[in-house]
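Participant: Right, I'll just put the structure down here and ask away after.
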Amino acid sequence: MMQNCWLYRALFVVLALCPLAGHAEQSPPKTIAGWVEDVRFPDNNLVIKAKLDTGATTSSIYAINTQVFQKKERGKKTQDWVRFDLYLEDVQKEPHLLTLERPVVRMVNIKNHDGNHDERIVINLDFCFAGDTHQTEFTLANRTEFLYGVLLGRRFLSGVALVDSEARNLTSPSCRNGKEMHDGIEVLSENTETFPDQAR
């Protein structure tokens, strides 16, 4: 009898909590995006076409002239930073060369199409995608052989977007807050006239 009593009590508690489960906070719905979308990166005035690639783990961005150095910020330990030039073409095919500095997150080995492995630097960058500001990891890579200078991989897309492989430009590159964004770190310089040979 005692066992049955406890069983009934447990069943009552479960049934009482069931209505509350329907009111639990749900994850925001994923954005339906095409395989190519516009993003604002690294500031609100520069719109870039990005390829959404579910076959790639980590996102990648076209960077050249990478220089790793050590930097000590107030109250923090000395850590590795990297200075690099982003080579990006906007939606009007106008090239931009942006010099940035970011902390090095880690190093990764990426397998190329020819089977060889390249060691690449990983950094964090902010950008606008589908009406929101996002931050994700990017590998710095010379993407001369690729059509798009920015690639968004699974690590970013997971929980954010579902990719329609037959569609393009389903989202807006604006940020919901509508504020100017400079990815938290000053752009050291911008050059739209002179570019190194490997960037062409």
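The values are calculated or read from the model by the stated rules, or taken from the named source; none is laboratory data. Model, not experiment: these values are computed from the prediction. Virtual Cβ from ideal backbone geometry, glycine too; neighbours counted across all protein chains shown.
Participant: Give all pairs with beta carbons closer than 9 Å in which a residue from the range 125-147 that is on the phi > 0 side of the Ramachandran plot meets a residue that is of a type in the set (D, E, K, R) and crowded, with 18+ Cβ neighbours inside 10 Å; count only pairs at least 6 apart in sequence or on separate chains.
Facilitator: Qualifying pairs under 9 Å: Ala130/Glu37.
Participant: I'd like the full set of residues that are under 21 Å from Arg155 (Cβ atoms) and charged (D, E, K, R), limited to the range 51-79.
Facilitator: Result: Lys51, Asp53.
Participant: Every residue in the range 121-149 that is touching a Lys or Arg at 6+ places or on another chain (Cβ under 7 Å) and β-branched (Val, Ile, Thr), please.
Facilitator: Selection gives Val122, Ile123, Thr136, Thr139.
Participant: Pairs, please: C-beta under 8 Å, at least 6 apart or cross-chain, first residue aliphatic (A, V, I, L, M) and in the range 154-167, second part of a helix (DSSP H, G or I)?
Facilitator: That search, which allows pairs on different chains as well, returns Val163/Leu157.
Participant: Hey, another quick one. Answer yes if at least one residue in the range 129-145 is in contact with an Asp or Glu (Cβ under 9 Å, 6 or more places away or on another chain), buried (at least 18 other Cβ atoms within 10 Å of the Cβ), of a type in the set (Gly, Ala, Ser) and part of a strand (DSSP E or B), and no otherwise.
Facilitator: For the range 129-145, residues in contact with an Asp or Glu (Cβ under 9 Å, 6 or more places away or on another chain), buried (at least 18 other Cβ atoms within 10 Å of the Cβ), of a type in the set (Gly, Ala, Ser) and part of a strand (DSSP E or B): present.
Participant: For the range 174-183, state whether one or more residues are closer than 22 Å to Lys30 by Cβ, at pLDDT 90 or above and out of contact with any Phe, Trp or Tyr (no Cβ under 7 Å at 6 or more places or on another chain).
Facilitator: Start the filter on the range 174-183 by keeping residues that are closer than 22 Å to Lys30 by Cβ, which leaves 174-177.
Now narrow it down to the ones that are at pLDDT 90 or above: none.
Scanning the range 174-183 turns up no residue that is closer than 22 Å to Lys30 by Cβ, at pLDDT 90 or above and out of contact with any Phe, Trp or Tyr (no Cβ under 7 Å at 6 or more places or on another chain).
Participant: Sticking with this structure for a sec: Might you check whether a residue that is assigned to a strand (DSSP E or B), closer than 21 Å to Gly153 by Cα and in contact with a Cys (Cβ under 8 Å, 6 or more places away or on another chain) occurs anywhere in the range 86-94? Quick ask: steps written out before the conclusion?
Facilitator: We begin by selecting, within the range 86-94, every residue assigned to a strand (DSSP E or B); these are 86-90.
Applying the additional criterion that residues be closer than 21 Å to Gly153 by Cα yields 86-90.
Okay, now just the ones that are also in contact with a Cys (Cβ under 8 Å, 6 or more places away or on another chain), so none.
Among the residues of the range 86-94, not one is assigned to a strand (DSSP E or B), closer than 21 Å to Gly153 by Cα and in contact with a Cys (Cβ under 8 Å, 6 or more places away or on another chain), which makes the answer no.
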